[in-house]
Every structure is written in C-alpha cells, then in structure tokens.
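Taken together, the values in this text are just the output of simple stated rules run on the coordinates, not laboratory data. Note that the structure is a prediction, hence the values are computed from the model and not measured. Here the Cβ positions follow ideal geometry from the backbone for every residue, glycine too, while neighbour counts run over all protein chains shown.
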Amino acid sequence: MAERAAVILAAGVSSRMNTMMPKVLHEVCGRPMLAYVLDACRDVGVKKIFVVVGFSAGQVRERFAEAGDVEWVVQKEQLGTAHAVLCCREQLADFGGQTLVLCGDGPLIRSETLDTLIEKHEAEQSAATLATAVLSDPTGYGRIIRDAYGNMQGIIEHSDCTREQLAIREVNPSYYLFSNKVLLEALERVKPDNVKKEYYLTDAIAGLIRTGHKVVAVTAVLPEEAMGVNSRRQLSEASKIMQRRIQQMLMENGVTIVDPDNTWIDARARIGQDTVIEPFTYIHGVVEIGQNCRIGPFAYLRDGTILKNDVVLGVYTEIKNATLDDGVRARHHSYIGDATVGRNVNVGAGSITANYDGQRVGRTTVGNECYIGSGAILIAPLVIKDGSHIAAGTVVSQESVNELGGKSNNDVSQ
Ligand code: UD1
Ligand code: MG
C-alpha cells in the first residue's frame with residue numbers, strides 16, 4: 001500500500017468573509033472548519049499532515065496545539081493555492097507516495113470520498129485524481145472544462161470564465177490526490193496567468209493533462225459535500241448541512257429528535273439511546289447525555305454538561321459545566337451552573353444556582369434524593385446534604401445550611 005501524506009491549505013486571508021479571524025477557525029456546529037478536514041485525513045489513515053498557514057498563523061496553531069500529527073508550514077505571502085502547496089516543497093521533496101491536497105475551508109469533506117479517490121487513483125494508476133460535483137448554483141467555483149468527447153481538459157476559475165464557461169455546472173470541490181513525484185514538477189510549471197495574478201493549483205491539473213499524464217475525475221460527489229466556505233452565507237449553509245449529518249448519526253444511534261429543523265446539536269455532543277430531544281433545544285459544547293433522558297422543549301445545554309440516565313429537563317432550563325445524576329428532574333425555568341446534582345433530585349420551577357459573585361465562580365453540590373422547591377436560589381459555594389428539603393422561595397447560602405448544625409438532612413426554609 002502506498003504511503004500517504006496530506007497538505008491542507010489554510011493560509012488565506014478571506015476577504016469575502018469580512019473577518020479579522022483566520023477563515024479556517026470559523027466554526028461549523030461548534031468546531032473550527034479545519035478540524036473536520038484533519039479528521040477526514042486521519043480517518044483514511046494519513047499519518048503525516050502538513051497544514052499551510054499564513055494569515056494569523058499563530059492563532060491557528062494555538063487552536064490546534066494538541067494536534068500532534070500536524071506539521072505547520074508557513075506561507076509568508078498568499079500568492080495562490082499552487083504556491084501554498086509549493087511551500088511544502090522541502091517536506092515533500094523525497095516522498096515517493098501519494099499526497100492528498102485539500103482546502104481548510106472545505107469542512108464537508110467525508111472520509112468515504114477520500115477513500116473513493118484513493119481507490120480510483122490506485123486502480124487507474126493515475127498521476128492525479130480529483131473529485132468533481134454538479135451544483136445548481138456553481139457561482140464562485142472553478143469550472144471543469146471538458147472536450148467534445150467528455151475528456152477533462154482543465155479547470156477555469158470563476159473569475160477567468162467566459163460567458164459560456166460560467167454556465168458550466170460541474171465544479172472543482174478542491175479534493176485532489178497526486179502521485180507526489182509529479183505534483184512538485186507540475187506546481188513548478190504553474191504561471192500566474194489569470195485575472196488575479198495568482199499561482200493556481202488548478203493550473204497544475206491542466207499542466208499534467210497537457211503533458212500527457214493521466215488525470216482521473218471522480219464525478220459522484222454530492223453537491224452538499226462539495227461546498228467550500230468563502231462567505232458568511234456559505235458558512236451558515238455548511239453549518240446546516242453538518243447539523244443534518246450530526247442529527248442523522250444520532251438518530252441512527254437511537255436518539256429521537258422530534259423536530260430536526262428546530263433543534264441544534266453541537267458536533268461534540270454525545271447522546272445515549274432512547275433519549276428524546278424536544279423542539280427548540282440548543283446543545284452547544286462538549287456535552288454528554290445518557291440514556292432515556294427527555295430534553296426540552298427550549299432547553300439550553302452548554303459546555304461541560306453531563307447528564308446521566310433518565311434525566312428530565314424541560315422548558316427554559318439552562319445547564320452549564322454541571323453533572324446531573326440519574327433521575328434528576330428540572331422541568332421549568334432553571335439554571336444549573338458549575339454544579340454536581342445527586343440522584344433523583346427534583347429541581348422546582350425557577351430554581352437556580354447563583355454561581356458567580358461578581359468575581360469568582362463557585363460550585364454547588366446537591367446530594368442524592370433532595371427536593372428543591374420552586375424559586376430557590378442556591379448561592380455558591382454550597383454543599384447540600386443527601387435527602388435535604390429546600391422550601392419554595394428559599395435563598396440558601398452555606399451559612400444558612402451550617403446554622404442547621406449536626407442534622408443529617410437539611411430542612412431549609414426562610
Ligand atoms: C478554490 C479553487 C476552486 C474551487 C474552490 C472549492 C483554486 C485556484 N481554486 O477556489 O477551483 O472550486 O476552491 O472550494 O485553487 N490558500 C492558501 N494560500 C493562498 C491562497 C489560498 O493557503 O495563497 C487557502 C485558503 O486559505 C483556502 C484554500 O486555500 O483554505 C482555497 O482558497 P480560496 O481562496 O478559498 O479559493 P477558492 O476561490 O474557494
Ligand atoms: Mg474557498
């Protein structure tokens with residue numbers, strides 16, 4: 001089996017996004033776009049990944065500080081996608097395997113498509129294999145140019161297309177696999193002969209075809225996978241598509257999502273079997289939900305939420321950085337932040353943890369089998385013992401609990 005490397009392009013400035021932030025750090029369903037592209041490479045067994053960074057390179061590297069399998073390559077000036085790949089010249093010089101080239105702004109790439117590229121590349125013994133897709137609106141993408149027999153001749157960027165070429169709906173999603181040896185040669189030959197005066201990676205493909213190399217196109221890529229993100233509008237469209245994928249995977253794993261269009265679930269969330277997510281639920285961050293829970297409608301679960309099994313959260317319940325044990329119920333208008341809540345605790349309507357005193361965030365621990373009446377305010381830091389009964393409307397501080405002395409259970413009221 002051939003050895004495989006990947007080059008991911010992520011150095012661009014992205015004027016079309018109108019952003020101060022590197023484009024590949026913009027998030028799709030809670031994760032930066034680049035994270036999805038890295039995962040797709042890992043899923044097909046790529047061990048060596050080069051990411052080309054330039055604009056705000058430090059920010060990108062910092063965000064991915066834990067990615068030990070990534071080697072960062074700096075492109076000082078953004079002279080185009082071919083130039084960006086050539087920045088890895090030294091790293092790739094002696095490499096005899098295959099090199100995947102992908103864009104960091106293509107988060108919808110799936111590893112299945114990379115597998116198809118690899119299979120095709122090997123079966124056809126091609127110099128380069130790339131994907132194409134047919135879009136109803138091809139605006140902005142490089143168009144695939146074919147001759148009268150359907151043979152691919154090259155790729156023309158949108159800004160360089162003639163009126164006839166603009167009508168072509170077959171586009172280049174920028175998913176390529178090259179035999180590494182021919183890649184570097186082809187890149188060296190690319191000239192910036194285009195409207196933008198940039199060195200285009202797409203011209204390397206035309207160059208290979210012209211010099212008699214075999215270039216194969218995989219045409220079966222779905223439109224919803226081909227999308228690159230160049231604008232905020234496309235970012236929101238990509239997020240929609242990713243959201244559908246996340247929900248489909250959860251449903252296959254046995255989660256009921258009552259109204260997928262009105263539910264938003266972060267890519268990092270894990271949800272157990274037979275849990276039901278009611279409409280208008282928003283789950284954002286690393287969140288773990290066990291089995292047989294009932295969440296929503298209108299629930300907001302934030303980073304660090306861990307729900308064990310059989311938890312019921314209802315209308316306007318917000319949870320952050322908190323672990324709720326089996327059978328906890330918080331059905332109406334609650335905020336539980338920075339807390340550990342024991343087994344079978346009932347949190348009455350409108351009860352909250354007051355976890356921030358203006359300077360510090362404090363933790364609240366509620367023991368097993370407690371009953372917290374409606375409208376209670378639990379002022380952190382606070383520990384409430386197992387089996388405690390908090391009367392409705394009580395403001396509970398650690399002081400008030402201590403005053404109850406050696407009782408095994410607290411029975412707190414104002
Ligand atoms: C590119 C393709 C186009 C394709 C589209 C798919 C070229 C010339 N065009 O166009 O055919 O349809 O992707 O989404 O390749 N980058 C660098 N350094 C540079 C320039 C760009 O690292 O000097 C990076 C960008 O950060 C981005 C990626 O390369 O992640 C693609 O660049 P972008 O400007 O988005 O190209 P498109 O116009 O989308
Ligand atoms: Mg792009």
Rg/Rh for the chain: what does it come to with C-alpha atoms and Rh from Kirkwood?
-> 1.12
Taking springs between alpha-carbon atoms closer than 10 angstrom, which of Lys23, Lys197, Lys385 fluctuates most in the Gaussian network model of the chain?
-> Lys197
Fewest Cβ neighbours within 10 Å first, please rank Thr132, Thr394, Thr99 accordingly.
-> Thr394, Thr132, Thr99
Cα convex hull volume per residue for the stretch 56-170 (Å³) | 161 Å³
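Which of the peptides 141-150, 261-270, 159-168 is most tightly packed, and how do the rest follow, going by the mean number of other Cβ atoms within 10 Å of each residue? Don't skip to the end; give the middle numbers.
On the way: 141-150: 15.7, 261-270: 18.1, 159-168: 12.1.
Highest mean packing first, the order is 261-270, 141-150, 159-168.
Assuming 0.36 nm per residue, please report the length gained on full extension of the stretch Lys214 to Glu164 beyond their Cα-Cα distance. It would help to have the intermediate numbers written out before the result.
Numbers: separation 50, 0.36 × 50 = 18.00 nm, distance 2.64 nm.
This chain segment gains 15.4 nm when fully extended.
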From the backbone phi of the stretch 16-31, what are the Karplus-calculated ³J(HN,Hα) couplings (6.51 cos²θ - 1.76 cosθ + 1.60, θ = phi - 60°) in whole Hz, Gly and Pro given as x?
-> 5, 7, 6, 9, 8, 9, x, 4, 5, 8, 4, 9, 10, 6, x, 10
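Please arrange Thr211, Thr317 by counting, for each residue, the other beta carbons lying within 10 Å of its beta carbon, fewest first.
Working: Thr211 12, Thr317 24.
If I rank by nearby Cβ atoms, fewest first, I get Thr211, Thr317.
Please give the length that would be gained between Tyr371 and Asn18 if that part of the chain were fully extended, namely 0.36 nm times their separation in residues minus their C-alpha to C-alpha distance (nm, one decimal).
Numbers: separation 353, 0.36 × 353 = 127.08 nm, distance 5.10 nm.
The span from Tyr371 to Asn18 would gain 122.0 nm if fully extended.
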Of 173-182, 250-259, ordering from highest average Cβ density within 10 Å down gives 173-182, 250-259
Could you give the length gained on full extension between Asp193 and Asp43, defined as 0.36 nm per residue of separation minus the Cα-Cα distance, in nm?
-> 50.3 nm
For the chain, set up a Gaussian network in which alpha carbons nearer than 10 Å are linked by springs, and say which option among Glu157, Glu318, Glu90 fluctuates the most.
-> Glu90
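Viscosity 0.692 mPa s, temperature 37 °C: what is the translational diffusion coefficient of the stretch 332-414 from Stokes-Einstein with a Kirkwood Rh over Cα pairs, rounded to a whole number of µm²/s?
Details: Rh = 12.3 Å.
D = 267 µm²/s.
When the expected Rg is taken as 2.2 N^0.38 Å, what fraction or multiple of it is the alpha-carbon Rg of the stretch 171-227? Please list the in-between numbers first.
Values: Rg = 12.5 Å, N = 57, 2.2 N^0.38 = 10.2 Å.
Ratio of Rg to 2.2 N^0.38 Å for the stretch 171-227: 1.23.
Of the listed peptides 224-234, 291-301, what is their order by residue-averaged count of other C-beta atoms within 10 Å, with the highest listed first?
Details: 224-234: 18.0, 291-301: 20.7.
For the peptides 224-234, 291-301, the packing ranking is 291-301, 224-234.
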Residues other than Thr317 with Cβ under 15 Å of its Cβ, Lys/Arg counted +1 and Asp/Glu -1, net out at +3
The correct pair for the stretch 232-412, radius of gyration to one decimal and Dmax as a whole number, both in Å and from Cα atoms, is 17.2, 61
Report the calculated FRET efficiency for Arg61 and Ser400 (r = Cβ-Cβ distance, R0 = 35 Å), to the nearest 0.05.
-> 0.10
